[in-house]
Structures are given as C-alpha cells and as structure tokens.
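First the structure, in the form of structure tokens, and then the observations on it.
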Amino acid sequence: MTRWLIFVGRVTVGFVLVYAAYLKLQLPWISFAATIQSYKLPLPDEAVMFAARTLPGFELVLGVLLLIGVQLRWVAAAASFLLLTFFAVLVRSYALGMNIECGCFGPGEQLTWKTLLRDGLLLLVSLAVTVGAFLTRRKTGDVPPMTREPQPAEGRTE
C-alpha cells in the first residue's frame, strides 16, 4: 500500500512539474524573468535572469525523473526543496499583500489564497513522497549482511 501511495504521489508531482515547465518554456525567458522580478526578492538582476533561464529546465528534469522513478530519494528531496522555496516566496508575497501573478504555470494566474492552498498541498505530497522514499526499503539491490565467509568458486580449491 505504501509503495502504491508513493507511486501516485511521485507521478502527481512529476506531472505537475513537467506541465509547469512546459508552459514556461513556451514563452521567452524574459517574460518569466519579469514574473520573478515582480516578487521583489532581494536578488541581483543576474540571479533573476539565471533563474528565468534555468528554472523551467530544472523543473522539467525533476518532473521527468520523478515520473520514471530514477534515484527517487534524492530527486524527491530536490523537488521538495524546490517546492518549499516556491511556497515560502508565495506566502511572503501574499502576506505582504502583493497583487502579482503567481507565475507557477506561466502568465495569467493571480496570487490568491487558492494558489497557496494548491501549492501547499503539492508541497505536502512531495514531502510525503520524500519521506516515504527514504523509509521504504528497496526490493531490488538489497543485500543482506554477510553471515559467513566467502567460499571458493566451484571446482577450485585453495
């Protein structure tokens, strides 16, 4: 049952990240930079431009890796850290009463309590996948501790 929940969670988070990246990659990176700039974070312009150029690609890679389940523990942890950062920025901006676009899925979505609820739930799912991935033993690759000395290969004597 736990593995099934982890699977559903990782596919959900992976799909959302791929979808968000896809929408952002459809537009020129400079428009995403403007969205990042609207949050009025204490970042130099170079950092904003770097984030606008690389963040959609990073979301895409994380999403695809979650969908295929490669290195789930570390990929889920990276996705959770990314979503936690996004959520913290959203909460800060909402608390400051900023009337801005979220930028989560490209342009056109205002930052509201519904945005916070959606992103908060996505963060909780991602954290649950991360914790579940670290607590669940892998079925393949598990090697029991050695209980006896290695034996020589058949037909050989030492």
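Summary of computed values
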read-out: Count of the stretch 59-81 residues which are over 22 Å from G108 (Cβ atoms) and either touching a Gly at 6+ places or on another chain (Cβ under 7 Å) or among the hydrophobic types (A, V, I, L, M, F, W, C) (or both); value: 16
read-out: Selection count, the stretch 19-31, where residues are over 18 Å from the mean Cα position of the chain (by Cα), aliphatic (A, V, I, L, M) and in a helix (DSSP H, G or I); value: 1
read-out: Subset of the stretch 1-28 (residues that are within 20 Å of I100 (Cα to Cα), surrounded by 16 or more Cβ atoms within 10 Å (Cβ to Cβ) and free of Cβ contacts under 8 Å to residues at least 60 places away in the same chain); value: A21
read-out: Looking only at the stretch 105-117, and only at residues there that are within 18 Å of the chain's Cα centre (by Cα) and in a helix (DSSP H, G or I), the one that is farthest from S31 (Cα to Cα); value: L117
read-out: Contacts under 6 angstrom Cβ, first residue in the stretch 55-73 being closer than 14 Å to I6 by Cα, partner modelled with pLDDT under 95 and exposed (fewer than 15 other Cβ atoms within 10 Å of the Cβ), 6 or more apart; value: R73/F134
read-out: Matching residues in the stretch 85-133 - criterion: being under 16 Å from V8 (Cα atoms), touching a residue at least 60 places away in the same chain (Cβ under 8 Å) and of a type in the set (A, V, I, L, M, F, W, C); value: L122, V125, A128, V129, A133
read-out: Top-ranked residue in the stretch 2-34 [being hydroxyl-bearing (S, T, Y) and at pLDDT 90 or above; ranked as nearest to V70 (Cα to Cα)]; value: T12
read-out: Criterion violated by F105 - all others in (1) more than 27 Å from V75 (Cβ to Cβ); (2) surrounded by 14 or more Cβ atoms within 10 Å (Cβ to Cβ) satisfied; value: (1)
read-out: Residues of the stretch 67-108 satisfying the condition of being touching a helix residue (DSSP H, G or I) at 6+ places or on another chain (Cβ under 8 Å), of a type outside the set (A, V, I, L, M, F, W, C) and farther than 15 Å from G132 by Cα; value: Y94, E101, G103, G106, P107
read-out: Residue list for the stretch 89-104, filter: part of a helix (DSSP H, G or I) and not aromatic (F, W, Y); value: V89, L90, V91, R92, S93, A95
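Rundown of residues vs (1) more than 11 Å from the chain's Cα centre (by Cα); (2) assigned to a helix (DSSP H, G or I); (3) of a type in the set (G, A, S), yes/no style:
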| position | (1), (2), (3) |
| --- | --- |
| A33 | yes, yes, yes |
| K40 | yes, no, no |
| E46 | yes, yes, no |
| A52 | yes, yes, yes |
| G63 | no, yes, yes |
| V75 | no, yes, no |
| F87 | yes, yes, no |
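The values are calculated or read from the model by the stated rules, or taken from the named source; none is laboratory data. In this text the structure is predicted, and so the values were computed from the model without any measurement. Neighbour counts run over all protein chains shown; Cβ positions are idealised from the backbone, glycine included.
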